[in-house]
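The values are calculated or read from the model by the stated rules, or taken from the named source; none is laboratory data. The shown structure was predicted, so the numbers you read here are calculated from the model rather than taken from an experiment. Here the Cβ positions follow ideal geometry from the backbone for every residue, glycine too, while neighbour counts run over all protein chains shown. SASA here: full protein model, heavy atoms, side chains in, ligands and nucleic acids out. Shrake-Rupley method; radii C 1.70, N 1.55, O 1.52, S 1.80 Å.
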Amino acid sequence: MSRTVMIVDDALFMRNILRGILTENGYVVAAEAASGIEAMKHLRTNQPDIVLLDIILPDSNGLDLLQSIAVSYPNSKVVVCSGIGQEQVIQKALDLGAKAFIPKPFKPEKVVEILESLED
Amino acid sequence: MDMSQYRDLFVSEAREHLNAFNSLIVRLEDLTGDQKLIDELFRHAHSLKGMAATMGYEPIARLSHVMEDQLGHVRDGETTFTPSLADLLFEGADALSGMVSQVESGIETITESNVLIEKLAAFDPSAEIKSSPVLPDESNQAASDSPPTATHNFRQSDSLKSIRIKTETLDHLVNIAGELFTNRYRLAECARRSGLSDFDPPLNQLAALLRELRDVVLQARMVPFAFIAERFPRLVRDLARKQGKEVAFHIDGTNIELDRGVLEEIAEPLIHILRNAVDHGMSTPDERVAAGKPYSGEISLTVIRDKGYVEIAVEDDGCGMDSERLKTKALQKGIISLEQADTMTQQEILMLVCAPGFSTAETVSDISGRGVGMDAVQNAVHSLGGALSIHSETGSGSRIVLRLPITVSIIHVLLVQSGEFEIAFPVNVVCRTLELLRDDILDEACRKVVELDGTRVPVKSLNRLLGQPVAAGPATKIVPAVVCEIGGDKIAFIADCILGQQEIFVRPLTTPLSFLRGISGATVTGDGRVVFVVDVASLTRNRP
């Protein structure tokens, strides 16, 4: 089953790697956003099944964005990406409705494993 | 998954982060306590760490991690941003930059920087605050309460709408566009000779399409000035610190775009000019105060756009240039003769600093004495078809202005005939053309001049400069001349005839042709002839 994903990360490098992992594993990358504003713009036009969200973004707090997505686009499942040492933020994100958490740095298998666990 | 395919992207993104990181630290030094800047700094360190860890570049990840940690303390208000933390972060950024270079050159094991990591990890700004308090700036605190705005300039287009292209690909596109231009002229020439007028409509259409192609391709090569300017604040700061000088540095107009080729050529010359400004222009705070000036000096770099040109001005409020001293030095070095010294204008005297072999620094410091002088700066500017001018007064600072074309490669030229050669003058150096009677040309001292708008402009024979036969005609014969302006001075070149204007695609010359004096490039015309493009400044420079 193919699912659509939007990648939200300010680093093109990270987006490329994630896109590589996702497309290799049968996911469709429906959109990419480098900022919170871009992400909201894309959400308005196409609602992906999954949003991969980096918690540190240039123009907005990832948590605020997460909250907006949870309220306005409840059908999109948000998976938060973040570096180690952000445990408090991660817990907050899960409380705010994030479905899962991918720690950076990640191994491709780990990303796929976490995304597959969403299907249950 | 093969990660090596992401290496180039890692290198270029890591560089962007480090550049931004460096300039943010400089800004933070002026605005200690600005929360927005600290957040941004933190984010750059954080992103770099994440990227490096993903690629498995552990030494980079470890170092950026401790830098991120320190910034985290500042962000959370646990510590304050101090000058010595800035120094450590700069050191960290330099080390990271070296590691990124190692990644770029394919070195497998990146050099660890354990000493620096320990220094950063053990750094305790609170120990330092007691001795040098850094006052939180209330106005900045207030400003940071306002909603964050997107201040990040380089990343706005990073969506699916834009992709990254290797610069060689862009260069290749420009070359192809240029060759197409030449070919169109060639095609038109063939059609004309064969009397095929049916070809005219499609040829005109082709011309329009080619112009559009050229505009788009050239536009794709445009890069904001900020691309090279990010490192300037840090450079000025480091230089000033090293010499115990106080300098406030401002840059204006960094959003103005230039061709990448022009930017690349101009970065080093600008660094040299900035170095000079700090090194020779600025005095120490004590000397400044003694001269009745503010304690801290000012250097500004301003970029403005003026039609097809960009003017980059570096201005300082330092000690200025001493024209008497410049003349004496030039005399001692045999660059000018006593007669010349007497008749030189102020502008000519200041331009002496660009003469090869001229350096006024009494002692060569490790900063200014790096092998490039103002002559190299001037050469770089001229080879781009630009002009350099200097304005300065003893005691009240200097202003150096580079006027540069926005693009290179495809330029507008004025074609003239000189003997058997067709010569192209870039129109940006030409101020007008003239028709002179031989009688109009006057003898003055040891040169020939012509009266133009009330001033005397030196006249040179293009044929003589290029080693072509010089035809002596009757005094009433009319000869065409091209008046050029270089470094604020006008000069008229007499040619055999003026052929007209054209857009040409300039190819750089390779050895041995590149040794030809006064020629900066060449082009092939529609009918296959080679036309040389003159570099007016080097053409007229005193010959041995």
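I want to confirm something. Restricting to segment B:456-509 and keeping residues that are of a type in the set (S, T, N, Q) and open to solvent by less than 80 Å² (accessible area, probe 1.4 Å), which single residue is modelled with the lowest pLDDT?
B:Gln502
Results for (1) part of a helix (DSSP H, G or I); (2) under 30 Å from the mean Cα position of the chain (by Cα); (3) more than 10 Å from every other protein chain (Cβ to nearest Cβ), shown as yes or no for each residue.
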residue: B:Arg15; (1), (2), (3): yes, yes, yes
residue: B:Asn22; (1), (2), (3): yes, yes, yes
residue: B:Ile25; (1), (2), (3): yes, yes, yes
residue: B:Leu37; (1), (2), (3): yes, yes, yes
residue: B:Glu40; (1), (2), (3): yes, yes, no
residue: B:His46; (1), (2), (3): yes, no, no
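Yes or no: segment A:96-104 includes at least one residue that is farther than 24 Å from B:Tyr6 by Cβ, away from every other protein chain (no Cβ under 14 Å) and charged (D, E, K, R).
yes
A:Leu22 is checked against (1) more than 11 Å from chain B (Cβ to nearest Cβ); (2) under 26 Å from B:Asp8 (Cβ atoms); (3) open to solvent by 10 Å² or more (accessible area, probe 1.4 Å) and fails just one. What number does that condition carry?
Exception for A:Leu22: condition (3).
Anything in segment B:425-464 that is of a type in the set (D, E, K, R) and either more than 26 Å from B:Arg403 (Cα to Cα) or not in a strand (DSSP E or B) (or both)? List them, or say none.
Listed by number, the residues that qualify are B:Glu435, B:Arg438, B:Asp439, B:Asp440, B:Asp443, B:Glu444, B:Arg447, B:Lys448, B:Glu451, B:Asp453, B:Arg464.
Can you tell me which residues in segment B:48-94 are assigned to a helix (DSSP H, G or I), away from every other protein chain (no Cβ under 11 Å) and farther than 14 Å from B:Ala121 by Cβ?
If the condition is that a residue be assigned to a helix (DSSP H, G or I), away from every other protein chain (no Cβ under 11 Å) and farther than 14 Å from B:Ala121 by Cβ, then B:Pro59, B:Ile60, B:Val74, B:Arg75, B:Pro83, B:Ser84, B:Ala86, B:Asp87, B:Phe90, B:Ala93, B:Asp94 are the ones that fit.
Do you know which residues across segment B:526-544 are crowded, with 17+ Cβ neighbours inside 10 Å and modelled with pLDDT of 70 or more?
Residues satisfying the conditions are B:Val531, B:Phe532, B:Val533, B:Val534, B:Asp535, B:Val536, B:Ala537, B:Ser538, B:Leu539, B:Thr540.
Residues that are buried (at least 16 other Cβ atoms within 10 Å of the Cβ), within 16 Å of B:Val534 (Cβ to Cβ), in contact with a strand residue (DSSP E or B) (Cβ under 8 Å, 6 or more places away or on another chain) and in the same structural domain as B:Glu422 (by TED's automatic domain parsing): does segment B:437-445 have at least one?
Checking segment B:437-445: not a single residue is buried (at least 16 other Cβ atoms within 10 Å of the Cβ), within 16 Å of B:Val534 (Cβ to Cβ), in contact with a strand residue (DSSP E or B) (Cβ under 8 Å, 6 or more places away or on another chain) and in the same structural domain as B:Glu422 (by TED's automatic domain parsing).
Can you list the strands (runs of 3 or more DSSP E) found entirely within segment B:189-308 that contain at least 1 residues being aromatic (Phe, Trp, Tyr) and surrounded by 13 or more Cβ atoms within 10 Å (Cβ to Cβ)?
Hits in segment B:189-308: B:247-252.
Which one is most open to solvent (accessible area, probe 1.4 Å) among residues in segment B:74-110 that are modelled with pLDDT under 85 and under 28 Å from B:Asp8 (Cα atoms)?
So the residue we want is B:Glu108.
Could you tell me whether any residue of segment A:85-92 is among the polar types (S, T, N, Q), more than 13 Å from chain B (Cβ to nearest Cβ) and open to solvent by less than 60 Å² (accessible area, probe 1.4 Å)?
No - not one qualifying residue is present in segment A:85-92.
So, in segment A:25-71, exactly how many residues are within 13 Å of chain B (Cβ to nearest Cβ), of a type in the set (Gly, Ala, Ser) and farther than 25 Å from B:Leu37 by Cα?
2
Could you run through segment B:424-454 and say how many residues are at pLDDT below 85 and polar (S, T, N, Q)?
Qualifying residue count, segment B:424-454: 1.
Please list, ordered by residue number, the strands (runs of 3 or more DSSP E) wholly in segment A:17-120 having 2 or more residues that are at pLDDT below 90.
It comes to A:77-83, A:100-104.
Evaluate segment B:32-48: report whether one residue or more is closer than 16 Å to B:Ile110 by Cβ and open to solvent by less than 10 Å² (accessible area, probe 1.4 Å).
Among the residues of segment B:32-48, at least one is closer than 16 Å to B:Ile110 by Cβ and open to solvent by less than 10 Å² (accessible area, probe 1.4 Å), which makes the answer yes.
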